[in-house]
Structures are given as structure tokens and as C-alpha cells.
1. With no solvent and one equal point scatterer per Cα, compute the Debye intensity ratio I(q)/I(0) for segment 210-306 at 0.11 Å⁻¹ and report its log10, rounded to two decimals.
2. Could you compute the FRET efficiency for Phe185 and Leu486, with r as their C-beta to C-beta distance and R0 at 25 Å, rounded to 0.05?
3. How would Thr186, Thr159 line up by accessible area, probe 1.4 Å, largest first?
4. Using 7 Å Cα-to-Cβ label points, what is the Arg296/Met133 separation (nm, one decimal)?
5. Roughly speaking, what is the stretch gain from Arg459 to Ile471, that is 0.36 nm per residue apart minus the C-alpha to C-alpha distance, in nm to one decimal?
6. Can you compute the modelled spin-label distance between Glu226 and Glu427, with each label point 7 Å from Cα toward Cβ, in nm?
7. Take each of the peptides 132-143, 472-483, 353-364, 69-80, average the number of other beta-carbon atoms within 10 Å over its residues, and list them starting from the highest.
8. Compute the FRET efficiency between Ala198 and Asp263 as 1/(1 + (r/R0)^6), taking r as their Cβ-Cβ distance and R0 = 30 Å, and round to the nearest 0.05.
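The values are calculated or read from the model by the stated rules, or taken from the named source; none is laboratory data. Predicted model, so just to flag it, every value in this text is computed and none were measured. Note that we place each Cβ from the backbone using ideal geometry, even for glycine, and neighbour counts take in every protein chain shown. Side chains included, ligands, DNA and RNA excluded: accessible areas come from the protein's heavy atoms. Shrake-Rupley method; radii C 1.70, N 1.55, O 1.52, S 1.80 Å.
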Amino acid sequence: MENPTPQDPWKTIDKDLHRISVLEQGTMYVSRPLVGMGVALAFMVIVGFAAAAFFDASHGSAIVVAAAVFGAYMALNIGANDVANNMGPAVGANALTMGGAIVIAAICESAGALLAGGDVVSTISKGIIDPSMIESSQVFIWAMMAALVSSALWVNLATWIGAPVSTTHSVVGGVMGAGIAAAGFTAVNWESMGMIAASWVISPALGGIVAAMFLAFIKSRIIYQEDKISAARRWVPVLIAIMAGVFSTYLAIKGLKKIVSVDLVPALIIGLGVAVVTYFASKPYINKKSQGLENRNKSLKILFGLPLVISAALLSFAHGANDVANAVGPLAAIVHTQEFGEIAGKVQIPHWVMIIGAFGISFGLITFGPKLIKMVGSQITKLNPMRAYCVALSAAITVIVASWLGLPVSSTHIAVGGVFGVGFYREWDHARRTRKYAEQHGSGKIVAPEERRRRKLVRRSHFMTIVAAWIITVPAAALLSAVVFLALNGLFNA
């Protein structure tokens, strides 16, 4: 009987190395979320120690430390959820890599929060509930704490399941729920809530309409022209100038007010001047960039690449200025009440509180943001640089107008509304052109319902899921906040 042929030792080693490689890849995949959680936890711990160092212990630093930790938690969730809506279109259009988007957004979000943030705090703290209806400053502190905890938990849950909800909605719902639990329904300023609710409906609608209008303009003036490159040389500098003028006006009013006060009319003049300068500065760049390009749509994407990156960066700056109050507004109210023993509807935000919001948003984006960036950028509708630029331009205009008015509108609704707007416009435009072609060529065959559904350019499942998440956010955050407030109040008054 012959002895069995011995196995090749190199094959055995290869198999073992392959198993080890698979095990390492599996371990990295499983441990990756834990790294993010570790970074977030470390940031919250550091914030707790910093709050204890900056706040006088004689004024009850334990409450302030707890509020600062939860404020940091809320800021992390804003970075993970809201910021994705600004960078998602640029990443989905392949104008930015995921890493580049995260770096640019982190820098611009922090700059916006530190240089121009904080104006919406008075609306968050006083416009929703009447502080005079709260029986004591201690009850007011627990109400703001409950709003902070509940809104952060709700946004965290939404981020985990992949739903781009509004952090502004969460904070407003949390403040309203805690106010009702603390002083009844009469404590809520229902007129103010009605105006805020109206802005929630108007924001995505306006964002979608403006984005669709810009896309219609680009299609009619550039894409559908016989000489696309010449048309782009004429109109792309105009679109860049509009973006520059809008943000210059915004910065003149909001970003420079700590140095010099600028009224609306001078700010508009400044914006117009910057727009004119930008137009003449960008025209040579577009002319040079368009040299040698083929006369087709793919070439146009190259011309919109850099403007899209710049617009996304400016939009992140505006988001940091507009939404940082969602993280630090209730925290600032707690700090003021604990320090001075009085309830104030409008408070000055300490610098260390603003820093918590700014860095929390950045850390949240870096650790948990990619999931929502992919959702907004590529899973709702297909984006290219032209469409993504329309979304960014629409969102910028809407966010800036809302920030001027001091309304706590949702940047999530505006940006995602812009994505829906370009998607639905493309559906309408495609159907219109198809009908026109059929009429001209006499090929008006009936399309089956299944085929019509397949041709739709906006995923209806994502549309319905996102709208449902928007609708439920305020009542869910309010209910959770009421429960947290009753638990806190009962625990510390027992």
C-alpha cells in the first residue's frame, strides 16, 4: 500500500495566511464603529473637564458640567447628520472625495460657528416657550437639560438608521415638550410655533423650487445649446458671481458684526461689488479651463467642479453659523441661569460654549458623517456637478435669508429639498422632451406602468422615508423631552 502524498507546505501556509487576512479584515470592519464611539466619548469627557475648569465651582458646576457634556453630545450628532446634507451633493457628484469633503466641512463649519454663530439662540430659548411661566430657575434648568438630552438622543437614533432628520426640529421639539411638562400647554408660544412650522414647510419647498429653477436655467442656456462650451463660457461666470455675491452680503451682515455693524443696504452693495469682481475674475479661469474641451455634456462637468467645491465650503460656513445654536443654545441658557440665578430668554454665549459647539460638529462629521453623506449624495437621485451646484446655490440662498430673519429653519430640509427639486425637475423635463419627440416623430406608444416607475429619477422609497422622519421628529423629540424632564425633576426633588 502506497503512502499518501504529503501536502505542499507552501499551500498550507498560504491558506493560513489567507485565513489570518480575512480575520484581520473582519476585525477592522467590526471595530471601525468602536473607534468613532471612542473618539466621541473622549471628546465628551474632555468637554466635561473643560467646563469644570471654566465655570466657578461655587455656582454649582456639576449641573453645568453635565449640560456641557450633553451639549457636546448634541454637537457631535449635528456634525454626523446635518453636515452631510451640505457635503453630500459634492461627494455624490464626484467633485470631492469623502476625505476632502470631511476636511473642508470641518474647517468651514468651525469657522462659521466661531465667527458668525449664535444669532438664533434667542428664538430657540424664548420664542418657543415663555420663561416667565416656569415656576423657578431650577425647573427651567431641568427643562433645558431635558431638551438637550432628548434632541441629541433622537438625532443619534436617526443617524444610526440612516435618516437625514433636522437637528433644528429636534431641539424645537425638545424645548416644546419640556416646556409643556414643566408649565403646561399655556407655556408654549403657539403663534411662534406656527411660524416655525410654516418655515419647515416653506424651507424644503423653496429649496427645491430654487434648485429646479437654476437647473432649468443651466439646461436651457448651456446644456441644450448647440455650442455648449461657448454657452458655458458665457454663463458659468455669472453663476459663480451669484454665489460670491450672496455669501459676501451674508458675511457683511453676520460675519463682520463683531467688528463693525453693517446694515442691509450697504451689505447688498458690498455683495453686488464682490459679484462683479468675481465675474471678471472667474471669466478668464473658465475660458482657460474650457480650451480643448469636446462639445458634449461630460465636458461641462469639468467647468463646474471647482465652483461646486467652493460653494460647498461656503455652505458649510453658513451651516456652522446658523445651526451651532441648536447645540449650544440650551447649554448657554443653563449656564446663564445657573450663574446669575435668573431666567433669561436671550443670553450671551460664552466663548468656551461656542467652542464646544464648533469642535463637536467637526468631530461628529469626521467620525459618523460618511453614512449620511452617501445617502444624500447618491441614494436619493443621481447627481452631477451641475445638479449639485444648483442644490448648493439654492441651499445657500435659503439658509442665508433664514439666518437674516433669525428663523430656526432646517438646513436639512433646505438641502434635501434641493436634491428632490433637481430630481423631480429632471423627471418632468425628461417626460416633456419624450412627449415632444413622440409628437414630432409620430411614435406615441403607450408606456407600461412598470416601465414608468422604472424611469423615475427620484427614489420614492427614500422620499417617503425622509418625509416621514421629518414629520415625526418634532412630536417624538417633544415626547421624549417631557419624559426626561419628569424623570429629572422627580429625581432631584424627591
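1. Here log10 of I(q) over I(0) equals -0.40.
2. In this case the efficiency is close to 0.95.
3. So the residues, ranked largest to smallest area, are Thr186, Thr159.
4. It works out to 6.3 nm between the two label points.
5. Stretched fully, the Arg459-Ile471 segment lengthens by 2.5 nm.
6. About 3.5 nm, to one decimal.
7. 69-80, 353-364, 472-483, 132-143
8. On the way: r = 27 Å, r/R0 = 0.90.
The pair Ala198/Asp263 has a calculated efficiency of 0.65.
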